[in-house]
1. Per q in 0.17, 0.22, 0.32, 0.34 Å⁻¹, report the Debye log10 I(q)/I(0) for the stretch 25-65, using one uniform scatterer on each alpha carbon and no solvent.
2. At 222 nm, what value in deg cm²/dmol follows for the chain if DSSP H runs of at least 4 each add -39500 (n - 2.57) and the sum is divided by all its residues, to the nearest 500?
3. May I ask you to rank 39, 70, 2, 26 by accessible area, largest first, using a 1.4 Å probe over the protein chains only?
4. About its Cα centre, how strong a charge dipole does the stretch 10-81 have in debye, to the nearest 20, once Lys and Arg get +1 and Asp and Glu get -1 at the Cβ?
5. What shape does the stretch 36-88 have by the C-alpha gyration tensor, where a ≥ b ≥ c are the square roots of the eigenvalues, rounded means a/c under 1.5, and otherwise prolate means a/b greater than b/c and oblate the rest?
6. What is the gain in length, in nm to one decimal, between residue 42 and residue 69 on full extension, counting 0.36 nm per residue of separation less the C-alpha to C-alpha distance?
7. Could you work out how much longer the chain between residue 5 and residue 84 gets when fully extended? Use 0.36 nm per residue separation minus the Cα distance between them, nm to one decimal.
8. Just to confirm the filter: which chymotrypsin sites (Phe, Trp or Tyr not before Pro) across the stretch 10-82 are DSSP coil and have at most 14 other Cβ within 10 angstrom of their Cβ?
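The values are calculated or read from the model by the stated rules, or taken from the named source; none is laboratory data. Predicted model, so just to flag it, every value in this text is computed and none were measured. No Cβ is skipped: glycine too gets one built from the backbone with ideal geometry, and neighbour counts run over all protein chains shown. Accessible surface areas use protein heavy atoms only, side chains included; no ligands, DNA or RNA. Shrake-Rupley method; radii C 1.70, N 1.55, O 1.52, S 1.80 Å.
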Amino acid sequence: KSALWGMTKALAVEWGAIGATANMVSPGLIVTPLTQSVSKRARLVEAQRNPRRRLAQENDVARLAAYLFSDAAEYINGVNLPLTGGLPICP
């Protein structure tokens, strides 16, 4: 993730002058077919730790990505947006 974050910042600076934006989305645990191998208990514990008391859904990520691609987000550039429901991110 550190390499992706570095690339995002570099692209934001390099391409910003031509009107392009580069941002990063960092979701927490998302309910997908790929995370079904995580034990039910671990998913429940993670959901209870979250201020929203649930795990992220695929649509949560999709809606944020759609917003970033919209004209409403044209001035958002070079940021990492944690999609954690309010759960603090460890540095």
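1. -0.44, -0.72, -1.18, -1.22
2. The helix-only estimate for the chain comes to -12500 deg cm²/dmol at 222 nm.
3. From most accessible down to least: 2, 39, 70, 26.
4. Its charge dipole is roughly 720 debye.
5. prolate
6. Working: separation 27, 0.36 × 27 = 9.72 nm, distance 3.32 nm.
So the extension gain works out to 6.4 nm.
7. Numbers: separation 79, 0.36 × 79 = 28.44 nm, distance 1.70 nm.
In short, 26.7 nm is gained.
8. Numbers: sites: 15, 67, 69, 75; in loops: 75.
Qualifying residues, ordered by number: 75.
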